[in-house]
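S.K.: Supplied in structure tokens, the structure appears directly below.
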Amino acid sequence: MIEVWEEAKPYQDKRGDSGHALSVFNSSMNLCRYYPDANRTVISLVDFLHDTGYSQVEKELLKKFIAKELSPDEEKAIRIFHEQKGVEIAGMILTKVGYEDSIIKRVQYLIEGHDTNKEKFRGDLEGEIFKDGDTLWWFTKRNFIKEAKAWRWTREEIFTYFSKHFEEPDLFFTPEAREIARTELALRFTED
Ligand SMILES: [Fe+2]
Ligand SMILES: [Fe+2]
């Protein structure tokens, strides 16, 4: 596992979101405590590798993407592109490290569509836990600071924005993730 982490490092956290992959990993592993049947190896690998595809997006385009300066169609194209490139990078790294084919295919399956086809993950235990870990990132202190900077928003504006997201009924697959988000949001409210 550590070899995968090391191999993925040069491709990691390219969206101005340093610490994202590790944060998703921490949240997913936390959720796994409630779901002992979940395959932790698969989830960890997806956590580490899912956003590596952002490393292949052209720099100026990525800057605009981060600052929300693109049209919805342009944004979607980048999301699909990072999923496809992530599938390729995951395949390359996992093959190099020596994972068996069934694991590689499973990880690639979960990276494909992870931002553009959420419904695919419903009922897929590893998929649900990974996606909830990914969404929980939104409510972290690190993300609040990052988004406030990227969008030039005040702390109150960011808080209002993510509070609205929290109210979405299908935001999370697991009830545990929603509870964690609730706690995180309350913490964000009390912080300076
Ligand atoms: Fe992503
Ligand atoms: Fe992500």
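The values are calculated or read from the model by the stated rules, or taken from the named source; none is laboratory data. Nothing here was measured: the structure is a model prediction, and the numbers come from that model. As a convention, Cβ positions derive from the backbone with ideal geometry for all residues, glycine included, and neighbour counts pool all protein chains shown.
S.K.: Test of understanding: among TYR109, TYR161, which residue is in a helix (DSSP H, G or I) and either surrounded by fewer than 14 Cβ atoms within 10 Å (Cβ to Cβ) or within 16 Å of ligand 1 (Cβ to nearest atom) (or both)?
M.R.: TYR109
S.K.: VAL24 fails exactly one of the following numbered conditions: (1) among the β-branched types (Val, Ile, Thr); (2) away from ligand 2 (no atom under 16 Å from the Cβ); (3) crowded, with 20+ Cβ neighbours inside 10 Å. What is the number of that condition?
M.R.: That leaves (2) as the condition not met.
S.K.: Sticking with this structure for a sec: For residues that are closer than 15 Å to SER27 by Cβ, surrounded by 14 or more Cβ atoms within 10 Å (Cβ to Cβ) and of a type in the set (D, E, K, R), tally how many sit in segment 112-141.
M.R.: Summing the residues that are closer than 15 Å to SER27 by Cβ, surrounded by 14 or more Cβ atoms within 10 Å (Cβ to Cβ) and of a type in the set (D, E, K, R) in segment 112-141 gives 5.
S.K.: Among the residues of segment 80-97, are any within 16 Å of ligand 2 (Cβ to nearest atom) and among the hydroxyl-bearing types (Ser, Thr, Tyr)?
M.R.: No.
S.K.: Going by the structure shown, is GLY86 in contact with a Ser or Thr (Cβ under 6 Å, 6 or more places away or on another chain), part of a helix (DSSP H, G or I) and crowded, with 17+ Cβ neighbours inside 10 Å?
M.R.: Considered against the rule, which asks whether it is in contact with a Ser or Thr (Cβ under 6 Å, 6 or more places away or on another chain), part of a helix (DSSP H, G or I) and crowded, with 17+ Cβ neighbours inside 10 Å, GLY86 comes out as yes.
S.K.: Could you grab the pairs with beta carbons closer than 7 Å, sequence gap of 6+ or different chains, first residue in segment 92-113 and modelled with pLDDT under 95, second one of a type in the set (A, V, I, L, M, F, W, C) and assigned to a helix (DSSP H, G or I)?
M.R.: Close Cβ pairs (under 7 Å, with a partner that is of a type in the set (A, V, I, L, M, F, W, C) and assigned to a helix (DSSP H, G or I)) do not exist here.
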